[in-house]
Amino acid sequence: MPHGLTLISTLATAFGAALILGFIAARLRLPALVGYLLAGVLIGPFTPGFVADTGLAAELAEIGVMLLMFGVGLHFSLQDLLDVRKVALPGAVLQIAAATGLGAVVAHQWGWTWPAAIVFGLALSVASTVVLLRALEARGVLDSMNGRIAVGWLVVEDLAMVLVLVLLPPIAGALGGTTEGEGGGNLWLALGTTLLKVGAFLAVMLIAGRRVLPKLLWWVAQTGSRELFTLAVVACAVGIAFGAAELFGVSFALGAFFAGMVLRESEFSHRAANESLPLRDAFAVLFFVSVGMLFDPMIIVQEPLRVLAVVAIIVFGKTLAAALLVLLLRYPLNTALTVSASLAQIGEFSFILAGLGVALGVLPKEGNSLVLAGAIISIAVNPLLFAAIEPLQKWIRERSQLARKLEQPVDPMAALPTTTDAKYLSGHAVLVGYGRVGKRIVQQLTAHDIPVVVVEQNRERVEQLRAEGYAAVSGDAAEATTLVQAHITGARWLISAIPDTFSIRQMVEVARTLNADIDVVVRSHNAEEAGLLTQEHAGTVFLGEVELADGMSDHVIGQARG
């Protein structure tokens, strides 16, 4: 078949099968991603019938990875990563170590060599950013503190995997495989070269990229051409990803991620995200279809116990390790459960690492099939884990004294200092969430001499607020103990600036139990949520689009009357 027709047939069958199976998965209340993966299995070489071009699908999938990670970067700023560094950095590193150790021990028991077992464990230790983002967006908590911690955690995991992917080829010979790349098998030379290249890339992106890319989009936007703007966004994503791989040895995924993160600082970030969304979605489908094409379903029949062991490590081992780490880092149980559910799956970096391990002769082919089986099953059950967060949280708190103790650490940030001015103890406003909206509310209220106590889950922000002279406490505002520390019983207003509808409803219920007369003010992202909150008498609800429209209309009407 001519190459052009091969491309067309691959795209047609991939999109068609993905549409049908994705629709069936959605009707069964499973992630559509499961349908996409099964579509790949259907048109792959291990099942009868039509077989798509695996190599071509893999190249198209690389473009999908670039655009997906570019989209992640557009939603995640460097400041967001720095804000959660004290939980995301140690948590991710320790969780990778725990999951890798668990996977390696199990694989070694199967008779694999230690190098193969360690590579296998590493492949099981890193979750899929794509799956995570879809899950958090579906629940409206992507911009919440729990969402930022989960995304920051995965960014650290991705950075660690980039290091592994670059180091594995030059040291593969020492591990019993085939040596490739720089360093000639010298671990320290390979490590030094890798760190130098990654550091150089980050410096170029953070220094030069921050100045050049926003200006480029400004020049293109001035032409008034939507097509050119879309082309500029895609060219930035794919071009920088390719340049990062060719010049600095950085993965396509990380290069595209930093391109998006740099562009996020531009005033065109929202437009760039919207313009690239259709392409990102289309190529995301191709990515998961191509992964499914690599999966041999017979592994489930031939090695069912090993598949179950892999799924147990991903769904239970990683989950438990992450939850304990978050609790030990003095974050609430809700945060621990959200982060652990987010990590209870594997994805794109796992596939890439397993494929590289097989290509270098370090990992047996069976390992790649087991990783793919674990991915498909863990992605399928991931929504069930998110749905279990609320009942599990309630069950644990009712029955576990240890869990309650871990949520009440001896933490100076969890309570107002004894020297706090009396104006913050009565007749004040309790503000939940110190993001972009919350920060502006604090500035406005403070300017009008209205005392505010900020409740924020990010301990680093609480430390910063106190250093600036504000009253603030660290904790989950949906918990009675946290609201008591903010002196909710004497407060006049409860203002919620967080986007998490479920947390808002629980928070309002607790607050009114402690203070029946409190005036509640909440924000909402869409009309459906606003209607639900209003129906449940959650307080005065402000919808972003409505307030923006009213403000612009009032401005025009005021000028017309003047």
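What follows draws every value from the coordinates through simple rules; no lab data is involved. This is a predicted model, so every value here is computed, not measured. Note that we place each Cβ from the backbone using ideal geometry, even for glycine, and neighbour counts take in every protein chain shown.
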In Å, the Kirkwood estimate of hydrodynamic radius for the chain over Cα pairs equals 25.3 Å
Computed on Cα atoms, the radius of gyration and Dmax of the stretch 346-395 in angstrom are 15.1, 48
Compactness summary of the stretch 412-561: radius of gyration and Dmax from Cα atoms, Å, are 15.9, 54
With Cα coordinates, the longest principal axis of the chain makes an angle with the long axis of helix 436-447, in degrees rounded to 10, of 20 degrees
Which residues qualify? For Phe542, with a placed amide H closer than 5 Å and at least 5 residues away or on another chain, they are Val522, Arg523, Ser524
Partner lysines whose C-alpha sits under 26 Å from that of Lys318, ignoring same-chain residues fewer than 8 away, are Lys86, Lys365, Lys394, Lys405
Relative contact order in percent for the stretch 412-561 (Cα pairs under 8 Å, 6+ apart) equals 21 percent
Amide H neighbours of Leu494 at under 5 Å, excluding residues fewer than 5 places away on the same chain, with H built from the backbone geometry, are Val430, Asp519, Val520, Val521
Output row, site His108, 7 Å Cα→C-beta label point, backbone N cut-off 11 Å, window the stretch 279-314, residues none
GluC sites (Glu not before Pro) in the stretch 422-489 lying in a DSSP loop, each with at most 11 other Cβ atoms within 10 Å of its Cβ, come to Glu468
Helix 145-171 sits off the longest principal axis of the Cα atoms of the chain, rounded to the nearest 10 on a 0 to 90 degree scale, by 30 degrees
If one compares the long axis through the Cα atoms of helix 365-387 with the longest principal axis of the Cα atoms of the chain, the angle in degrees, nearest 10, works out at 20 degrees
For Leu82 and Gln302, extending 7 Å from Cα along the Cα-Cβ vector and measuring point to point gives, in nm, a value of 5.1 nm
In the neighbourhood of Gly490 defined by beta carbon distances under 12 Å, the net charge of the other residues (Lys, Arg +1; Asp, Glu -1) is +1
